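First comes the structure, then the notes that go with it.
The values are calculated or read from the model by the stated rules, or taken from the named source; none is laboratory data. What you see is a predicted model; the values in this text were computed from it and never measured. These area figures cover heavy atoms from the full protein model, side chains too; ligands, DNA and RNA do not enter into them. Shrake-Rupley method; radii C 1.70, N 1.55, O 1.52, S 1.80 Å.
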Amino acid sequence: ETALAVETDIAERLATLEQPSWQLVYLNTLNLSRLHRARGDLEAAGRWLARAEQATLGVALASDLVHFHVLRARLAELAGESATANRHWHAAALIFAAMPLPEALGWRVAAAILGPDAGRSVDPERIAEALLARLGPLDESGIADVPAPTLLPAAAAGLDGPAVAVGGPGWGVLAIERSAPPPFDGPQHAALRRRLGRAPGLAGRDAPTLL
């Protein structure tokens, strides 16, 4: 309760400023969302998380975007909203798989995905394995033999052909029909990319490059 009172006081003070630091607003709103979730107030947790998302719209890093979707997925799971949770896990996986340097994922984000045993180092293979488990097993016929698509951030796009866009507010990836070497590769990361390559809208593209 003390922590909640402190963060609430900070939020009230920030609200009086004409142009508060978006970094402070981001940290404060994330903390308030976490504290309300711990108290079981999922509605308030969702409201404060939305404010954190709004504060970083257009400036959030890929790591932040993964974090938002993981937190949204966790809230949906607690609320028993499995379809919503699955949608956010899928978005988190797409953004992570498109990161050119997945090892640059924030350790707090890794902990949100892996749980308390995550540690301070970030292992992209462990992250990919955990996200893959959230998306379900690779049990489709023949999927294990599908070439793994390369996933890259939208900012890297140099379009030279038709593309399929997948995304939402503040994030997006593009699937184009050309091959490219992945910026990171490993058995679990490749398996995650294969699974994402079979997503609705990308189905039928054996090895799309996601930008």
Taking only Cα atoms of region 1-75, the Rg to Rh ratio with Kirkwood Rh works out at 0.96
With every protein chain in place, the accessible area of residue 198 for a 1.4 Å probe, in Å² rounded to the nearest 10, comes to 90 Å²
